[in-house]
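Reading through the structure tokens given below for one structure.
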Amino acid sequence: ISLYCKEGSRLLPRPISICEINKEDAILRIVYRIAGEGTKEFSKLASGDSLAVIGPLGNGFFQRDGRAILIGGGIGIPPLLELAKSLPGEVTAVLGYRDSDLFLAKEFEPYAKVVISTEDGSAGTKGNVIDAIRENDLTADVLYSCGPIPMLRGVKEYAMEKGIEAQISMEERMACGIGACLACVCQSKEKDSHSHVNNKRVCKDGPVFFAQDIEL
């Protein structure tokens, strides 16, 4: 979804992934990092305040049967929680952090086996998410991943090595959120039907792509 600031000088909406969906109470949960003036404004909102929102935008993960590994890094972790709750098969969540601030990790535990990696070695495997997968000898039929580009690149390489499907949710700066401005393109193997070049619009064609379709 994209959220609009009330401050008029901040014209463009801020795109934030959905963390959880409560259909009964019509509630969407979002988890975000304060990265600029827009998200700083959101952090000061109180219960009962209102914002203009557009969504849902883009696509979600394509759910498969079988064993799944969910791979999240940093602020790419929140959008994997609803997926963990909804997958039908065996689920393992491999969550990568910089340090021992393991936000959301315990919330995955009712729905998945949780494996942790930290850059500083303060919890779980010292290293990255792929190191944790190898150290714990994890196997799966499909990988679902969201996080920074270097992590997604590692996930793609690992999936190709093992010959399994990988779906990646891309993080890019977005402007319009509806695919019109072409500000958030990523490089694709196939030509885009909209722009007729080797680009995909992350906000419209994604943010979830099959890893083999995207150049990282």
Inset, instruction - Putting +1 on Lys and Arg Cβ atoms and -1 on Asp and Glu Cβ atoms, find which of Val208, Asn136, Ile116 reaches farthest to the positive end of the dipole of the chain. - result: Val208
Inset, instruction - Note down the magnitude of the dipole of segment 57-144 about its Cα centre, charges +1 on Lys and Arg C-beta and -1 on Asp and Glu C-beta and zero elsewhere, to the nearest 20 debye. - result: 160
Inset, instruction - Note down the magnitude of the dipole of segment 76-216 about its Cα centre, charges +1 on Lys and Arg C-beta and -1 on Asp and Glu C-beta and zero elsewhere, to the nearest 20 debye. - result: 360
Inset, instruction - Could you list the trypsin sites (Lys or Arg not before Pro) in segment 66-98 that lie in coil according to DSSP, counting only those with at most 16 other Cβ atoms within 10 Å of their Cβ? - result: Arg67, Arg98
Legend entry - the chain - mean residue ellipticity at 222 nm from DSSP helices (-39,500 (n - 2.57) per run, n ≥ 4, rounded to 500): -5000 deg cm²/dmol
Legend entry - Dimensionless Rg ratio for segment 1-80, taking C-alpha atoms and the 2.2 N^0.38 Å reference: 1.25
Inset, instruction - For segment 1-154, just run the numbers: alpha carbon Rg, then divide by 2.2 N^0.38 Å, N being how many residues it has. - result: 1.12
Inset, instruction - Mind giving me the nanometre distance, one decimal, between the label points for Ser86 and Ile30, set 7 Å out from Cα along Cα→Cβ? - result: 1.8
Legend entry - Among the listed pairs Lys106/Lys204; Lys44/Lys126; Lys44/Lys106; Lys113/Lys200; Lys23/Lys156, those beyond 29 Å (Cα-Cα): Lys106/Lys204; Lys44/Lys126; Lys113/Lys200; Lys23/Lys156
Inset, instruction - Normalise the Cα radius of gyration of segment 115-216 by 2.2 N^0.38 Å (N = residues in it) and let me know the number. - result: 1.21
Legend entry - Surface accessible to a 1.4 Å probe, per residue, for the residues of the chain, Å²: 53
Inset, instruction - Mind listing the lone cysteines of the chain, meaning no other Cys beta-carbon sits under 4.7 Å from theirs? - result: Cys5, Cys19, Cys146, Cys184, Cys186, Cys203
Legend entry - Rounded if a/c under 1.5, otherwise prolate or oblate - segment 78-144, Cα gyration tensor axes: oblate
Inset, instruction - May I ask you to derive the FRET efficiency for Leu138 and Leu11 from their Cβ-Cβ distance with R0 = 45 Å, giving the value to the nearest 0.05? - result: 0.55
Inset, instruction - Treating only the Cβ atoms of Lys and Arg (+1) and Asp and Glu (-1) as charged, compute the dipole magnitude of segment 37-102 about its Cα centre; round to the nearest 20 debye. - result: 140
Inset, instruction - Just flag the trypsin sites (Lys or Arg not before Pro) in segment 103-179 sitting in loop per DSSP whose Cβ has no more than 11 other Cβ atoms within 10 Å. - result: Arg173
Inset, instruction - Apply the Karplus parameterisation 6.51 cos²θ - 1.76 cosθ + 1.60, with θ equal to phi minus 60°, to every residue of segment 128-135 and state each ³J(HN,Hα) to the nearest whole Hz, in sequence, with x for glycine and proline. - result: 9, 5, 5, 4, 5, 4, 5, 4
Inset, instruction - Loop sites only, by DSSP: take the GluC sites (Glu not before Pro) in the chain that have at most 14 other C-beta atoms within 10 Å and name the longest stretch containing none of them. - result: 120-189
Inset, instruction - Within segment 107-146, which residues have the backbone N less than 16 Å from the label spot 7 Å out from Arg67 along Cα→beta-carbon, could you tell me? - result: 112-115, 132-144
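The values are calculated or read from the model by the stated rules, or taken from the named source; none is laboratory data. Quick caveat: nothing in here was measured; it's all calculated off a predicted structure. Note that we place each Cβ from the backbone using ideal geometry, even for glycine, and neighbour counts take in every protein chain shown. Areas reflect the complete protein model, heavy atoms only, side chains present, ligands, DNA and RNA absent. Shrake-Rupley method; radii C 1.70, N 1.55, O 1.52, S 1.80 Å.
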